[in-house]
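Undergrad: There's a structure below that I have some questions on.
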Amino acid sequence: PQDCAVFHCRGCWAVLGDSLHLCAQEERRLGLLVCFKVTNGVAWEDSLLVGLEGPLLGCAYTSLSCRSCGSIVGLILYSASSALAYLRGLFCFFKDSINCYFLKNQMIIEASKVNFPVVTLKQ
């Protein structure tokens, strides 16, 4: 419980998820916090996008957006390179798009400045 946090949209402070559902972190390529469950404050389209450059080159995904303000807060990968395959089908929040509210010390910190305890699906 020491590291429990609530994830908020950086644009409007809507609650998007929490660290109890955090199942992976991807730092090097995309800067993601990965959850297996999100709140109903998160919306996604049925249509797929395809990455044309960068770390998402050749990946098929849908964007996650904040239902309150419409800001893009992450993605769901459906088809990915082998390096990102472990993230397929999960809710991936861009660390640059969310804030973390830590319950124990009642602090708000930008997710890009937070390192949660190591959790990974790769193994």
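Undergrad: Could you go through the range 105-113 in sequence order and give the Karplus-derived ³J(HN,Hα) for each residue, using 6.51 cos²θ - 1.76 cosθ + 1.60 with θ = phi - 60°, rounded to whole Hz, and x for Gly and Pro?
TA: Along the range 105-113, the couplings run 9, 6, 10, 10, 9, 4, 4, 5, 9 Hz.
Undergrad: Same structure, new question: Considering amide H positions built from the backbone, and no H for Pro or chain starts, which residues 5 or more places from VAL42, or on another chain, come under 5 Å of its amide H?
TA: For VAL42, the qualifying residues are ARG67.
Undergrad: Students often forget the sequence filter, so: which aspartates and glutamates lie under 18 Å Cα-Cα from LYS104 once same-chain residues fewer than 8 apart are removed?
TA: Partners found: ASP3, ASP18.
Undergrad: With the full set of protein chains in place, find how many percent of the accessible area of the range 5-113 is carbon and sulfur; take the probe as 1.4 Å. Provide the component values of the computation, followed by the final result.
TA: On the way: 2950 of 5560 Å².
Reported share for carbon and sulfur atoms: 53 percent.
Undergrad: Take peptides 81-94, 61-74, 38-51, 102-115 and line them up by average Cβ neighbours within 10 Å, highest first, as a rough protection proxy. Show your work: numbers first, answer last.
TA: Working: 81-94: 17.1, 61-74: 19.1, 38-51: 14.0, 102-115: 12.4.
By packing density, highest mean first, the sequence is 61-74, 81-94, 38-51, 102-115.
Undergrad: What does the accessible area per residue of the chain come to in Å², with a 1.4 Å probe and no ligands, DNA or RNA counted?
TA: On the way: 6770 Å² over 123 residues.
In whole numbers, the chain has 55 Å² accessible per residue.
Undergrad: Taking H placed 1.01 Å from N in the peptide plane, check which residues at least 5 places from LEU64 or on another chain put their amide H under 5 Å from its amide H.
TA: VAL73, GLY74, LEU75, ILE76
Undergrad: Calculate the spin-label point distance for TRP13 paired with LYS104, positioning each point 7 Å from the Cα along the beta-carbon direction, and give it in nanometres.
TA: 2.4
Undergrad: Here is a further query. Quick one: which residues, 5+ away or cross-chain, put their amide H under 5 Å from the amide H of GLY17? H built at 1.01 Å from N.
TA: Placed amide hydrogens put PHE7, THR39 under 5 Å from GLY17.
Undergrad: Report the FRET efficiency, 1/(1 + (r/R0)^6), for SER63 and ARG28, where r is their Cβ-Cβ distance and R0 is 25 Å, rounded to 0.05.
TA: 0.75
Undergrad: Tell me, what HN-Hα J-couplings in whole Hz come from the Karplus equation 6.51 cos²θ - 1.76 cosθ + 1.60 at θ = phi - 60° for each residue of the range 40-57, using x for Gly and Pro?
TA: Computed from phi, the couplings for the range 40-57 are 6, x, 9, 10, 8, 8, 7, 6, 9, 10, 10, x, 9, 7, x, x, 9, 3 Hz.
The values are calculated or read from the model by the stated rules, or taken from the named source; none is laboratory data. Everything quoted here is computed from the prediction, not taken from an experiment. With ideal geometry, Cβ positions are generated from the backbone for all residues, glycine too; neighbour counts draw on all protein chains shown. Only protein heavy atoms, including side chains, enter the accessible area calculation; ligands, DNA and RNA are left aside. Shrake-Rupley method; radii C 1.70, N 1.55, O 1.52, S 1.80 Å.
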